[in-house]
1. Suppose R0 equals 25 Å; then what is the FRET efficiency for residue 74 and residue 40 from their Cβ-Cβ distance, rounded to the nearest 0.05?
2. Calculated FRET efficiency, residue 62 and residue 84, Cβ-Cβ r, R0 25 Å, to nearest 0.05?
3. Can you work out the base-10 log of I(q)/I(0) for the range 17-58 at q = 0.16, 0.28, 0.33 1/Å, using the Debye formula on its C-alpha atoms alone?
4. Set the Förster distance to 22 Å, then compute FRET efficiency between residue 103 and residue 33 from the Cβ-Cβ distance, nearest 0.05.
5. Just rank 38, 86, fewest to most, by other beta-carbon atoms within 10 angstrom.
């Protein structure tokens, strides 16, 4: 097989990042249209059209999606590296920071920071103060049902596990 005709250049990748920035339903889970597949499909068609207007080149939407997904995933990994540097050391050296963010698209994708929760992750290590951790937990392990999704404002803060399970079952039963 020969080289692919739809190779996306570095300049086109920077343009892709900027064009996607203006189509929030693609990247921002806070946008009410984020889960609407019709809106997303329309947005991706808009992205391809914008890039065509800039580069006079036809783009395969699937190729654009794969390229963007790869860059987004790399950005999230790099962002976590930066956060790890800040949390594991009191004074991060300039060289260490530069090594973490030397990926050429990092700065262009900083707008994604607000869209991804890069906060505390699950751990199998027992915390020292369980009560402090329990106050921060939210029930996320309610079984998924296609016909019903619990919206963020309906999530229940866990203080007593039995009460939380009862409330979750009550919510499931009310649908």
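1. 0.75
2. Approximately 0.15, to the nearest 0.05.
3. One equal scatterer on each Cα of the range 17-58 leads to -0.39, -0.92, -1.10.
4. 0.15
5. The fewest-first ordering by Cβ neighbours comes to 38, 86.
Read-outs: derived from the displayed coordinates by stated rules, not from any lab. Computed from a predicted model, the values in this text were never measured in an experiment. Backbone-built Cβ (ideal geometry, glycine too); neighbour counts: all protein chains shown.
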